Amino acid sequence: MPTSSRPLVLRLTLRPTRLPHVRTLPTAYVQLFALAFLLATTILVYRVGLNGPFLLDDYAWNSKYSIKSIDAEELTDLMFSGGRLHDTTRGLGRISWVVTRYIYGETPYPFKVKNLLIHLCNGLLLYWFLLLCARVKEPQDDEYLKSALPLWVVAVWLLHPLHVSTVLYAVQHIVILSTFFSLIALIAYLKGRRLAARHPYAGFLLATTSVGSTVVLGLMAKETAALVPFQILLIELTLLARTPISAKNPVITKLLFAALWAAPLAAALIAFPFIGQDFMDGYAVRPFTAVERVLTEFHVVALYLKLLFIPIPGNMSLFHDSFPIIRSLDTSTALIAAVHAGLITGAVLLRRRAPWLSFGTLWFYLCHSLESTIFPLELVFEHRNYLASAGVLVATVWILLMLFRHVRTPLAKRAIVFSALALLSVNTLSRAQTWSELEKMLAVDYQSRPTSTRVLSNLAIMNANDGRLSIANRFLSELRATDPPSAGAEILSLLVNCAHPNSDAISTVHNAALQRLRHGILDAFTANTLARLIKAKMSGRCENLDTNAAHALLASASQNDRTRDDLGCLMAGIHSLFALSDNDLTSATHQLRRGIDICSRVDMTSLRMFLDAFLGQALRYESLEYVSPTLQDIAATSTTRHLMEAFPDWFEIQLDQAGD
């Protein structure tokens with residue numbers, strides 16, 4: 001029987017060919033080029049605004065802080081000259097300011113260039129921080145997300161027009177410096193955490209020493225660096241929730257790092273009862289209560305979100321002082337508060353399913369927990385979003401990257417990204433051009449904020465200085481019509497008109513000023529304007545302001561207890577100088593005692609400036625012989641002894657001059 005044979009069948013198993021993976025992930029070189037391009041673009045769009053003027057608190061810092069030489073002892077005295085926590089924590093900012101001023105003079109340009117350079121460094125640090133977060137995080141995201149998210153976030157952050165009011169506002173170098181050290185602290189923590197995976201104790205030591213030292217430096221710039229321990233805890237609860245710190249000695253390592261988070265938190269809770277009252281006393285000079293501020297801040301934070309998502313330069317401003325105060329809980333406030341609560345609750349619930357979204361949302365609210373809650377600060381300032389905005393951008397970029405997974409055309413993705421960056425660059429350039437001249441700023445803001453005290457007062461001063469008195473008085477009338485809670489509008493009217501023959505108007509405004517000085521708020525605008533008015537009177541430029549009328553204004557200001565100690569120090573100083581110029585030595589010695597008492601509660605710099613000015617004026621009017629016994633008596637008090645310990649050589653010279 002023949003053997004059956006089956007035909008040979010060649011079976012081919014066709015498997016889908018696996019094409020080589022085309023990397024859409026930017027290489028390290030491409031990312032470096034992108035960062036360099038972003039830095040160059042940021043310089044280009046900000047360059048036009050670097051020649052802008054000093055603004056608001058810039059003038060106060062220039063008048064108060066200066067050095068004769070870069071001397072270690074003098075810088076140390078300046079660093080620790082704060083009499084309160086609020087002043088002490090800004091010592092590094094004071095040094096940064098006076099060194100810049102000593103080297104380059106009082107022109108605004110170098111201060112703004114310095115801010116821009118640190119802003120660029122902060123952009124690089126933010127990129128590094130987010131890149132480390134992505135790498136330390138459990139590898140559950142694709143590589144494109146991990147690398148694209150930090151780059152895109154930093155691109156938008158560097159070029160966002162909202163940050164113009166931080167970078168081009170010279171005094172906000174304290175915000176930029178604090179952010180610089182805060183980001184270094186966060187980076188150091190993540191580096192220590194990575195090291196702890198292999199060497200737990202070495203990682204803990206690196207994290208502790210690095211974070212501790214950089215947070216202290218950050219606090220010496222501005223108090224917002226105190227949030228770093230809370231930010232570290234947020235990172236652990238969101239991005240790194242599923243990533244163990246170390247497989248070696250896990251329990252001990254967790255306890256060590258838990259101590260690193262808990263110790264600063266406990267210190268903050270313990271210190272709050274002691275420092276909180278110092279802050280809460282600030283409500284005496286605010287036109288709102290703590291409850292009203294919290295209610296208003298719901299709307300303010302909503303405004304910040306609007307400005308971040310809809311970055312139109314016309315909606316942004318340095319002058320938000322006319323923002324409406326919410327006096328009681330209404331429907332709109334309740335709805336906005338519910339939206340904020342919903343966002344926070346949703347972020348907490350999604351911290352494991354969408355850690356980047358959760359982290360970004362909670363980061364924004366955490367960064368606002370100091371300046372947008374109960375502390376009696378001004379209601380609105382855009383620079384409070386400098387670091388907080390990074391959280392909103394992280395959440396937004398993460399959502400976009402998730403949506404881009406459904407976009408199959410790479411060209412469409414690139415078009416969206418570059419269009420967004422181009423729009424931000426144009427808007428930032430436009431806003432920087434506006435900030436290049438005060439007249440441009442005021443013209444733009446007058447159209448959108450016609451009831452702003454700062455806008456109207458600056459327009460009045462600018463027109464008065466240019467000789468357009470009728471236009472200046474029109475703005476002053478509009479300013480008084482806003483019914484501000486202080487006498488600043490009336491006193492500015494006196495300052496503008498006191499050199500011109502319009503006595504009837506001066507008499508009417510003077511009476512209104514006396515009433516507001518006695519019963520209103522003595523804020524910085526009022527105190528500084530009154531000081532300028534009295535100086536103009538002493539120099540003979542206010543012929544139509546009677547001497548008795550000037551004394552009455554100062555007496556009313558002295559009786560007002562709704563003011564801060566630094567403003568009370570200023571008032572005592574100008575009152576004592578005017579009394580000496582008028583040969584009213586009894587009043588001068590009374591203000592000398594009062595001024596030393598108040599100024600010593602502020603800081604040693606204020607006390608020294610007060611005594612310098614008083615003794616100089618007494619020498620000029622040959623009154624040292626009369627005030628010498630008072631000085632000798634004051635020298636025995638604990639306050640002046642403290643001054644002698646701080647400035648022994650200076651005080652000995654001044655006291656010898658008084659005794660000669």
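The values are calculated or read from the model by the stated rules, or taken from the named source; none is laboratory data. Model, not experiment: these values are computed from the prediction. Here the Cβ is made from the backbone with ideal geometry for all residues, glycine too, and neighbour counts use every protein chain on show. Ligands, DNA and RNA are excluded from the accessible area calculation, which covers all protein heavy atoms including side chains. Shrake-Rupley method; radii C 1.70, N 1.55, O 1.52, S 1.80 Å.
Each residue in the stretch 547-576 was checked for being under 19 Å from R601 (Cα atoms) and part of a helix (DSSP H, G or I), and 15 pass. Can you go through G342, G346 and tell me which one is under 25 Å from V397 (Cβ atoms) and either touching a Pro at 6+ places or on another chain (Cβ under 8 Å) or loosely packed, with under 13 Cβ neighbours inside 10 Å (or both)? Unique residue meeting the criteria: G342. Would you point out the residue of the stretch 493-541, among those that are over 25 Å from D566 (Cβ atoms), touching a residue at least 12 places away in the same chain (Cβ under 8 Å) and assigned to a loop (DSSP other than H, G, I, E, B), that is least open to solvent (accessible area, probe 1.4 Å)? Among residues in the stretch 493-541 that are over 25 Å from D566 (Cβ atoms), touching a residue at least 12 places away in the same chain (Cβ under 8 Å) and assigned to a loop (DSSP other than H, G, I, E, B), the one least open to solvent (accessible area, probe 1.4 Å) is C498. Listed by position, the helices (runs of 4 or more DSSP H) inside the stretch 94-208 whose residues that are within 30 Å of R405 (Cα to Cα), out of contact with any helix residue (DSSP H, G or I) (no Cβ under 8 Å at 6 or more places or on another chain) and open to solvent by 20 Å² or more (accessible area, probe 1.4 Å) number at least 1 are 143-159.
Mind checking which residues of the stretch 373-395 are at pLDDT 95 or above and among the hydroxyl-bearing types (S, T, Y)? Those that are at pLDDT 95 or above and among the hydroxyl-bearing types (S, T, Y): Y386, S389. Quick check on R414: is it under 24 Å from the mean Cα position of the chain (by Cα) and on the phi < 0 side of the Ramachandran plot? In short, no. Pairs are defined by a Cβ separation below 8 Å, a sequence spacing of at least 6 or placement on different chains, a first member in the stretch 575-602 that is touching a residue at least 60 places away in the same chain (Cβ under 8 Å) and closer than 14 Å to A613 by Cα, and a second member that is open to solvent by 40 Å² or more (accessible area, probe 1.4 Å) and among the charged types (D, E, K, R); no pair meets this definition. Number of residues in the stretch 591-616 that are farther than 28 Å from T76 by Cβ and either open to solvent by 20 Å² or more (accessible area, probe 1.4 Å) or part of a loop (DSSP other than H, G, I, E, B) (or both): the value is 2.
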